[in-house]
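One structure is given here, and the rest of the page talks about it.
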Amino acid sequence: MISNQILQNTIDGLKGITQVDIGILDLDGNIITSTFSSAESFEAQVVAFVNSPADSQEIQGNNYFKVYDEYQVEYVLLVRGDSENTHMVGKIAVFQIKNLLVAYKERFDKDNFIKNLLLDNLLLVDIYNRAKKLHIDTEVRRVAYIIETKHDKDNNALDSIRRLNGNNSKDFVTAVDEKSIIVVKELDAKDCAPELVKIAENLKATLVEEGEKDVLVAYGTIVDDIREVSKSYKEAKLALDVGKIFFEEKSIIAYNSLGIGRLIYQLPLPLCKMFIKEIFEGKSPDEFDEETLTTINKFFENNLNVSETSRQLYIHRNTLVYRLDKLQKSTRLDLRVFEDAITFKIALMVVKYMKYMESLEY
C-alpha cells in the first residue's frame, strides 16, 4: 500500500536523527527497504518471529518489531543493535509506519469512493453515508477535470498532480482508466470561469514541466453537491472527446464552450451520412482542393466578410468572388448567404465527426 520510496525516506530520516540502521522486511524475511546493505539472510529469524506471539523480540543482536495494519501483521521492522536505545528507536519507527499505514489506507478508501462516485457505482444513500464516514463535505462547490497525454497514465504523472495540490485534502486526484488523470477540485464560493481556466493551466503546466507533451485538459461545470460530481466528470469527458474533433488547436477545453460541436457529437452516424449525401450529393468536402478549403476556412474566420478575406488571402476581391461562385455551382450553397453558410459550416463539422468516429473503429 505504501510505496517503497516513502518507506525508504522514512527510515533514512530516522537514521539521520538516531544513527541507527533500520530495515523493513516482508513476512517471509525479504528486505523491502533498508538503511544498510547486507548479504545476511533474515528469513529464518523473521518467520520464527512472525509465528511467535511476541510483538517485539531480540534475536542475535537484531531487534524485530511487528507492524500491524489493524489486526494483521503488515511488515516486520528490523533495528540493528541490542541496546536500550535501539529498542526505543524501533518503537518510534513502528509508530511512524503505523501512522503512514493509516494515512495511506484513508487515502485509498477515499480514492475508491471517488472512483465509484465518478462511475455512478454508488446508491444515493451510500454516497452520503460513505462521505460522512470519510469526513468528506457533501455540500461544497466542485468541478471535475480530466488530464490526458499521449502516453498512458503512469504513477509519475499522478504524483506530479498530487504534489501540485500539496496538503490540500479537499481535492481528489485519481484515475479510472489507463489514459487519463481525474482531478475533483473543491472551489471557493466566488470561483467562476476565469479561476477554472487558471486551474486547468496549472495542471497542464505541471505535466509539461515533467516532460509530457501534447497535454489536454478538459473540465465540466461546477456542481454544488457531491452526488453531482459524476455529472461534472461526464461533462469533462465529453468536452475532451469533442475537443479532439472540433478544437484541435486548443489544449484546454471547457464543457460550456463546446457550442454546436456538442450536438453534432451526439448524432447517430447513419443520420450524419444521410445529411452529407443531401448537402453534397454524394461528394465529400475532402474532394475539394487545398485552395478551395483554405478559401472556405478563411471566409468563415472573417465572418463572411469578402473584403477582409481577400485581403488576408492576398487575392483580388473579384478572384474571391469567382471562387465563391464556383463553389456555389458545385454545391448549390452560396457562402455569402447566411443560411447557406451555416448549412455548409455544419456539414464540414459533421464530416469531421464522421472521420473521427470511423478512425476509432480501426
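The values are calculated or read from the model by the stated rules, or taken from the named source; none is laboratory data. The shown structure was predicted, so the numbers you read here are calculated from the model rather than taken from an experiment. Glycine also receives a Cβ, built like all others from the backbone with ideal geometry; neighbour counts cover every protein chain displayed. Just the protein is used for accessible areas: all its heavy atoms, side chains included, with ligands, DNA and RNA removed. Shrake-Rupley method; radii C 1.70, N 1.55, O 1.52, S 1.80 Å.
Calculate, for Arg336 and Ser251, the FRET efficiency according to 1/(1 + (r/R0)^6) with r their C-beta to C-beta distance and R0 30 Å; round to the nearest 0.05.
0.30
With each pseudo-label sitting 7 Å past Cα toward Cβ, what's the Thr18-Glu58 distance in nm, one decimal?
For the pair Thr18/Glu58, the computed spacing is 1.4 nm.
Note down the relative contact order for the chain as a percent, whole number, built from C-alpha pairs under 8 angstrom at least six residues apart.
Numbers: 485 pairs, mean separation 37.9, N = 362.
It rounds to 10 percent for the chain.
Sum up the charges of everything whose Cβ sits under 12 Å from the Cβ of Asn305, counting Lys and Arg as +1 and Asp and Glu as -1, but leave Asn305 out. All intermediate terms of the calculation are to be shown ahead of the outcome.
On the way: positive: Lys298, Arg311, Arg317, Arg336; negative: Glu301, Glu308.
Surrounding charge for Asn305 is +2.
Determine the order of Met357, Met274 by accessible area, beginning with the largest, at a probe radius of 1.4 Å.
Details: Met357 45, Met274 110 Å².
From most accessible down to least: Met274, Met357.
Per 0.36 nm of contour for each residue apart, how much would the distance between Thr294 and Lys132 grow if the chain were fully extended, relative to their Cα-Cα spacing? Display every interim value, and only then the final one.
On the way: separation 162, 0.36 × 162 = 58.32 nm, distance 5.72 nm.
Stretched out fully, the Thr294 to Lys132 stretch lengthens by 52.6 nm.
What figure in square angstrom, to the nearest 10, would you give for the accessible area of Thr343 with a 1.4 Å probe?
40
What ranking of Glu58, Glu358 comes out by heavy-atom accessible area, probe 1.4 Å, highest first?
On the way: Glu58 105, Glu358 70 Å².
These residues rank, largest area first, as Glu58, Glu358.
May I ask you to derive the FRET efficiency for Asn51 and Asn99 from their Cβ-Cβ distance with R0 = 22 Å, giving the value to the nearest 0.05?
Numbers: r = 26 Å, r/R0 = 1.19.
Efficiency computed from Cβ-Cβ geometry: 0.25.
Subtracting the Cα-Cα distance from 0.36 nm times the residue separation, let me have the gained length for Asp109 to Lys170 in nm, one decimal.
Working: separation 61, 0.36 × 61 = 21.96 nm, distance 1.42 nm.
Here the answer is 20.5 nm.
Report D for the range 213-320 in µm² per second (integer): Stokes-Einstein, Kirkwood Rh on Cα pairs, 37 °C, 0.692 mPa s.
On the way: Rh = 16.9 Å.
Once the numbers are plugged in, D ends up at 194 µm²/s.
So which of Lys66/Lys179; Lys250/Lys329; Lys190/Lys298; Lys115/Lys250; Lys91/Lys204 end up more than 31 Å apart, counting from Cα to Cα? All intermediate terms of the calculation are to be shown ahead of the outcome.
Details: Lys66/Lys179 39 Å; Lys250/Lys329 34 Å; Lys190/Lys298 39 Å; Lys115/Lys250 27 Å; Lys91/Lys204 43 Å.
Flagged as over cut-off: Lys66/Lys179; Lys250/Lys329; Lys190/Lys298; Lys91/Lys204.
Restricting to Cα pairs below 8 Å that are 6+ residues apart, what does the relative contact order work out to for the range 220-362? Please round to a whole percent.
Numbers: 104 pairs, mean separation 31.5, N = 143.
Value for the range 220-362: 22 percent.
If I build a Gaussian network model for the chain, linking alpha-carbon pairs within less than 10 angstrom, which residue out of His135, His316, His87 has the largest mean-square fluctuation?
His316
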